[in-house]
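Everything on this sheet refers to the single structure shown next.
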Amino acid sequence: MQPSTILDYYFGPSGPGAALAVAADGREPHFQCRGVADLATGRPITADTVFDLASASKPFTAAAVLRLAERGDLDLDAEAHLHLPCLEPSPSGRGIRIRDLLAHTSDLPDYLAEGMFTDPADTTPDSVLARLPAWSRDARPGLRFDYSNTNYVALAWLVEEISGVSFAAFVDRELTAPLGLDSTFVLDAETSHRLRTIDGALGYRDDGYGLSDYALSDDFPVTTVGDGNVHSSLRDLVRWQGALFAGEVLAPKTLEGMLTPGRTDDGGSFPYGLGMQVENRTGTGTWWGHGGSWTQSTTLVGRYHGAGISVVVLSNETMAPVERLSRQTLAAWRASEA
């Protein structure tokens, strides 16, 4: 199977589909797109179609925080309540550090623990903020890795508190605009108008049990930022990956910290750095990246370190096998180069 035909195996030309890119160091990226962004109009998916990245937004949030750390505006090992009083210190044990939020060792509950079964009233920024004092007082940070979207909502507020601008404005000013990522933005109340002007993908689920009976995915808007709500295109994400790993976004030492597996207070290691999954995969070696899945999309944005290859997969079919697609793309690329 060649890289140029992988999506054809999974998606038809007139149903929901995907945008896929493989970018090898020193080579022009290869793009493949299949399917449509909107079944009602037949608008095709292209390299410029904008997808909701869901949790693949988290590396952007981490990069924003690490930018502030590089400038000396914050200390990753300082307790977060120094900037965010809502994260109250625990009466016993140490408080939650900024590094704990980045690495998911804060012990804060996940406000989206029930996924799309979560009560919508519990997913608003005000609702999360109201529960943080009690959650932080009960937390025992540093003891274990426990993935929690709450951490990254708090980090977005941290960026706003220190920078004095909205999280969306900070990401635009510091990360996306300098790189020319014109299709990449944080969706919040101030930027919601952009949804009317972009070539955006609508999300679909398959109700046909393999017979391709597609329906619009149930809408479950989440208005928090930091943990998700970055929107971007395939073309922009290839540029983002290249810039990040070439040291254009963060200094080399900072990037190294982002990509190093985290450790608990007792020295135990886990496969997550600072806003980045860090995994050793059989047959592919070290992989750095992040996946995401929500009502509008399923995404996987990552780099196979040993091969020097980034693979980006964005799909508007909510159960798309993005990890399998990524691995098959790497294997096909290697075979084509052999």
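The values are calculated or read from the model by the stated rules, or taken from the named source; none is laboratory data. The structure displayed is predicted, hence computed values, not measured ones. Note: ideal-geometry Cβ built from the backbone for every residue, glycine included; neighbour counts use all protein chains shown. We work out accessible area using only protein heavy atoms, side chains counted, and drop any ligands, DNA or RNA first. Shrake-Rupley method; radii C 1.70, N 1.55, O 1.52, S 1.80 Å.
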field: With eigenvalues of the C-alpha gyration tensor scaled by 5 and rooted, the chain, Å
entry: 32, 23, 19
message: Using each residue's phi in segment 41-52, evaluate 6.51 cos²θ - 1.76 cosθ + 1.60 at θ = phi - 60° and report the 3J(HN,Hα) Karplus result to the nearest Hz, with x for Gly and Pro.
response: 9, x, 4, x, 6, 10, 5, 9, 5, 9, 10, 6
statement: Among A63, A78, A40, the residue with the largest mean-square fluctuation in a Gaussian network model of the chain built from Cα contacts under 10 Å is A40
- request: Please give the contour-minus-distance gain from T41 to R144: 0.36 nm per residue of separation, less the Cα-Cα distance, rounded to one decimal in nm.
  value: 32.3 nm
- request: Pull up all non-local amide H partners of L112: gap of 5 or more, or a different chain, and H-to-H distance under 5 Å with H placed in the peptide plane.
  value: N149, T150
query: How large is ³J(HN,Hα), in whole Hz, for each residue of segment 326-331 in order, when computed from phi with the Karplus curve 6.51 cos²θ - 1.76 cosθ + 1.60 and θ = phi - 60°, using x for Gly and Pro?
result: 5, 5, 5, 5, 4, 4
statement: Expressed in Å to one decimal, the Kirkwood Rh of segment 236-313 from all distinct alpha-carbon pairs is 13.4
- prompt: Rounded to the nearest 5, what is the percent of antiparallel bridges among the DSSP beta bridges in the chain?
  reply: 95
message: I'd like the accessible area for D182: 1.4 Å probe, protein heavy atoms, all chains in place, Å² to the nearest 10.
response: 120
- prompt: Could you sort W287, W135 by accessible area so the largest value comes first, with the probe set to 1.4 Å?
  reply: W135, W287
message: Over the chain, with the other protein chains present, what is the accessible area per residue in square angstrom, probe 1.4 angstrom?
response: 42
query: What figure in square angstrom, to the nearest 10, would you give for the accessible area of H305 with a 1.4 Å probe?
result: 90
message: Can you work out the Karplus-derived ³J(HN,Hα) for every residue in segment 33-38? Use 6.51 cos²θ - 1.76 cosθ + 1.60 with θ = phi - 60°, whole Hz, and x for glycine or proline.
response: 10, 8, x, 10, 7, 8
- prompt: When the chain is fully extended, how far beyond the present Cα-Cα distance does N280 get from D219, taking 0.36 nm per residue of separation?
  reply: 18.5 nm
message: So for the chain, averaging the separation of alpha carbon pairs under 8 Å that are six or more residues apart and normalising by length, what relative contact order in percent results?
response: 25
task: Could you give me the radius of gyration and the Dmax of segment 1-97, taking only the C-alpha atoms into account and expressing both in angstrom?
output: 21.6, 58
- prompt: Quick one: length gained pulling R27 to F117 fully straight, 0.36 nm per residue minus the C-alpha distance?
  reply: 28.0 nm
- prompt: Based on Cβ point charges of +1 for Lys and Arg and -1 for Asp and Glu, what charge dipole magnitude is obtained for segment 24-110 about its Cα centre, in debye rounded to the nearest 20?
  reply: 220
statement: With the dipole of segment 118-175 defined by +1 on each Lys or Arg Cβ and -1 on each Asp or Glu Cβ, the option from T124, V153, W135 whose Cα lies farthest towards the positive pole is W135
- line: For the D48, D8 Cβ pair and Förster radius 25 Å, calculated FRET efficiency rounded to 0.05 is 0.75
- prompt: With point charges of +1 on the Cβ of Lys and Arg and -1 on the Cβ of Asp and Glu, referenced to the Cα centre of the chain, which listed residue (G17, G93, T41) lies farthest in the positive direction of the dipole?
  reply: G17
message: For a quick check: with amide H placed at 1.01 Å from N, whose amide H comes under 5 Å from E88's, ignoring anything fewer than 5 positions away on the same chain?
response: S136, R137
Taking N as its residue count, the alpha carbon Rg of segment 110-257 over 2.2 N^0.38 Å: 1.22
message: Skipping prolines and chain starts, which residues have an amide H placed within reach, meaning under 5 Å, of the one on R97, given they are 5 or more residues away or on another chain?
response: A80
field: Helix 149-163 vs. the chain, principal-axis angle (Cα, 0 to 90°, nearest 10)
entry: 70
field: Carbon/sulfur fraction of accessible area - the chain, other protein chains in place, 1.4 Å, %
entry: 51
